[in-house]
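Please read the structure below before turning to the comments.
Each reported figure results from applying straightforward, stated rules to the coordinates on display, with no laboratory input. Because the structure is a prediction, the values reported are computed rather than measured. Here Cβ is always computed from backbone atoms with ideal geometry, including for glycine, and neighbour counts include all displayed protein chains.
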Amino acid sequence: MEADSRIAVSVMVGNECRKLEVKPGENLLLAMVEASLPVTFMCTTGKCATCRLRMEIPDGSAAPPSGTERYRLGEQAVQQGCRLACQVFVQGPLTVYL
Ligand code: FES
């Protein structure tokens, strides 16, 4: 992947799909904040869980949930696709549900 390439992130806000283009390795929460999307957050360090969102992340589009995420979210929520947006660094196309 070239250094200046962009990755498509789809953000579903109700029935509306907003498309973001992010740099490889960019933090998902910050990308959504910069795009003025209505995402809630407090700590940005994986502690408060207010940035919890359901996502569809294909293999290779982001690292799997960290131990911190599994602890904060619980296994059931992780199995349902929940992640902490502040802990997701985008490596490939993915979809977020607000
Ligand atoms: S903003 Fe607190 S866990 Fe993500």
>> Need pairs with beta-carbon distance below 7 Å; first residue touching a residue at least 24 places away in the same chain (Cβ under 8 Å) and within the stretch 55-83, second surrounded by 13 or more Cβ atoms within 10 Å (Cβ to Cβ) and of a type in the set (S, T, N, Q); sequence gap 6+ or separate chains.
In response: Met55/Thr95; Glu56/Thr95; Gly60/Gln91; Ser61/Gln91; Ala62/Gln91
> For the stretch 24-48, which residues satisfy the criterion of being in contact (Cβ under 8 Å) with a residue 24 or more places away in the chain and charged (D, E, K, R)?
Replying inline: Glu26, Lys47
>> Looking only at the stretch 52-98, how many residues end up being within 22 Å of Lys19 (Cβ to Cβ), of a type in the set (Phe, Trp, Tyr) and within 12 Å of the ligand (Cβ to nearest atom)?
In response: 0
>> If I ask for residues that are at negative phi and more than 16 Å from the ligand (Cβ to nearest atom), which ones from the stretch 18-51 would you list?
In response: Arg18, Lys19, Leu20, Glu21, Val22, Lys23, Pro24, Ala35
> Taking the stretch 1-11 as the search range and keeping residues that are surrounded by fewer than 17 Cβ atoms within 10 Å (Cβ to Cβ) and assigned to a strand (DSSP E or B), which one is nearest to the chain's Cα centre (by Cα)?
Replying inline: Ser10
>> Quick test of your reading of the structure: Gly14 fulfils all but one of (1) within 13 Å of Leu98 (Cβ to Cβ); (2) within 11 Å of the ligand (Cβ to nearest atom). Name the failing condition by number.
In response: (2)
